[in-house]
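Structure first, then comments.
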There are 2 protein chains.
Amino acid sequence: MSYELYYWPTIQGRGEFVRLALEEAGVPYVDVARAPEPDGGVPAMMALLDGDSVPHPPFAPPFLKSGRLLIGQTAAILVFLGERHGLSPKTESGRLWVHQIQLTIADLVTEAHDTHHPIASSLYYEDQREAAARRAESFRAERMQKYLGWFETILERGGGPWLAGRSLTYADLSLFQVLEGLRFAFPKATKRLERKVPRVVALRDRVADRPAIAAYLASERRIPFNQMGIFRRYPELDP
Amino acid sequence: MSYELYYWPTIQGRGEFVRLALEEAGVPYVDVARAPEPDGGVPAMMALLDGDSVPHPPFAPPFLKSGRLLIGQTAAILVFLGERHGLSPKTESGRLWVHQIQLTIADLVTEAHDTHHPIASSLYYEDQREAAARRAESFRAERMQKYLGWFETILERGGGPWLAGRSLTYADLSLFQVLEGLRFAFPKATKRLERKVPRVVALRDRVADRPAIAAYLASERRIPFNQMGIFRRYPELDP
């Protein structure tokens with residue numbers, strides 16, 4: 001039985017962290033909202049999100065369906081997939097450490113989103129441009145460095161090559177995705193910072209070279225970055 | 001051996017979700033940054049946060065030390081405590097569900113914080129007042145209702161009395177804390193909304209009546225809400 005992933009069909013967004021884990025694990029899945037209606041499409045996703053009879057309705061996409069189990073929240077989905085498909089450590093302490101890294105990545109993702117939408121997701125960027133400029137400035141000057149510096153530190157202390165040591169985990173796939181997103185949204189600021197975090201850059205390259213990931217990135221299943229997702233390129237936010 | 005909790009000593013903040021779980025579990029713990037130096041105090045916390053030899057340094061407080069295990073990220077700490085002290089379900093699906101609820105509460109907490117600091121945590125409120133007014137308006141008009149409405153829905157569908165059914169979990173303690181915080185920060189908006197979410201309010205009361213929680217709330221261990229924490233009262237943000 002294959003997994004069903006539910007996420008907005010036109011963006012990488014938070015769904016991409018789940019897609020990368022599914023692709024690396026090599027397990028079959030249906031990206032439901034990208035599949036044709038009536039079985040697929042956004043209506044099929046909304047039916048689970050807003051349906052009156054869903055016992056455990058997710059708060060928001062992405063969510064994953066595995067048989068009768070419906071799991072929302074990216075980090076929780078990755079805990080589930082990680083344990084099932086060898087993408088997280090076998091020890092409790094190792095699993096908690098990888099989860100902690102993932103939750104920190106999730107915080108970074110939220111902050112990256114809020115650089116272009118600091119006031120409200122329901123408003124246009126154009127209606128929060130001034131606040132966006134200020135928030136992006138703080139993100140570039142303080143937050144990006146703090147986050148990427150922390151990933152560099154833990155790679156150094158752990159001995160690598162992966163975040164949790166010798167074995168790849170879902171957190172490595174997520175860090176790859178975050179660096180790709182930062183390169184897209186803040187090419188100048190990211191380029192400057194990358195000199196200071198060589199281990200993070202090397203990890204990104206190592207993930208991109210994984211056969212399953214390389215095949216995925218070259219396929220049509222990988223949606224290109226665009227101006228609707230979490231990472232968006234507004235040149236004025238990366239002067 | 002008792003747990004060591006590390007968090008900023010003058011605020012409830014994210015540490016409070018951990019404190020509530022420890023108090024309900026009735027396990028001994030030291031709130032290290034609130035203990036006297038040299039063993040306690042903020043320097044003891046910074047030593048683990050910034051120390052060169054910490055193998056798994058947390059990104060930020062709160063973090064919990066249990067023997068040699070050091071766990072950061074509130075939701076990860078609660079996974080750990082929940083499994084050890086009967087504050088999460090025994091089944092995998094139940095644990096994932098409670099974790100998913102907790103991660104949604106964490107998102108709400110971040111959004112509540114950002115109402116008064118939409119631009120940068122490193123700036124004063126006074127320097128981001130205009131953006132704060134706009135973000136708070138969206139939070140009150142859209143987000144609070146969406147979050148509290150979701151909690152109400154899952155309480156209704158699950159049959160209660162707790163979020164995950166018949167047994168209290170750490171997510172219930174966290175929802176209590178969030179409602180307390182919203183009442184402090186947005187008394188008017190919260191009062192209006194509470195009429196629509198009677199199950200959430202009843203759960204809050206049920207948590208407050210737990211003997212261990214009632215004793216904690218009446219003790220000096222409970223730091224009062226104040227203008228330094230995540231939930232702050234600025235009357236202009238709750239007109």
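What to note about this one:
- Residue list for region B:74-94, filter: more than 9 Å from every other protein chain (Cβ to nearest Cβ) and open to solvent by 40 Å² or more (accessible area, probe 1.4 Å): B:ARG84, B:HIS85, B:GLY86, B:LYS90, B:THR91
- Cross-chain or 6+ apart pairs with Cβ under 7 Å, region A:9-33 first and under 20 Å from A:LEU168 (Cβ atoms) and at pLDDT 95 or above, then polar (S, T, N, Q) and open to solvent by less than 10 Å² (accessible area, probe 1.4 Å): A:GLU16/A:GLN177; A:PHE17/A:SER174; A:PHE17/A:GLN177; A:LEU20/A:GLN177
- B:ALA33 outside the structural domain of B:SER121 (by TED's automatic domain parsing) and touching a Gly at 6+ places or on another chain (Cβ under 8 Å): yes
- Here B:ASP107 qualifies as among the charged types (D, E, K, R) and open to solvent by 20 Å² or more (accessible area, probe 1.4 Å).
- Condition check for A:TRP150: touching a residue at least 24 places away in the same chain (Cβ under 8 Å) and within 18 Å of A:LEU20 (Cα to Cα): no
- Checking A:SER219, A:SER138 one by one, the residue that is open to solvent by less than 40 Å² (accessible area, probe 1.4 Å) and either within 14 Å of another protein chain (Cβ to nearest Cβ) or closer than 17 Å to A:HIS116 by Cβ (or both) is A:SER138 and no other.
- All of B:LEU123, B:LEU48 fail the test of being open to solvent by 20 Å² or more (accessible area, probe 1.4 Å) and either among the hydroxyl-bearing types (Ser, Thr, Tyr) or facing chain A (nearest Cβ under 8 Å) (or both), apart from B:LEU123.
- Pairs meeting the criteria (first residue in region A:135-146 and assigned by TED's automatic domain parsing to the domain that holds A:PRO118, second residue surrounded by fewer than 16 Cβ atoms within 10 Å (Cβ to Cβ), beta carbons under 7 Å, at least 6 apart or on different chains) are A:SER138/B:SER122; A:GLU142/B:SER122.
- Here A:ILE71, A:ILE105 are screened, and the one residue that is within 18 Å of B:VAL79 (Cβ to Cβ) and more than 8 Å from chain B (Cβ to nearest Cβ) is A:ILE105.
- Positions within region B:110-120 being crowded, with 23+ Cβ neighbours inside 10 Å and within 8 Å of chain A (Cβ to nearest Cβ), in sequence order: B:ASP114, B:PRO118, B:ILE119
The values are calculated or read from the model by the stated rules, or taken from the named source; none is laboratory data. Keep in mind that this is a model prediction, so the values were computed, not measured. Glycine also receives a Cβ, built like all others from the backbone with ideal geometry; neighbour counts cover every protein chain displayed. Calculation scope for accessible area: heavy atoms of the full protein, side chains included, ligands and nucleic acids excluded. Shrake-Rupley method; radii C 1.70, N 1.55, O 1.52, S 1.80 Å.
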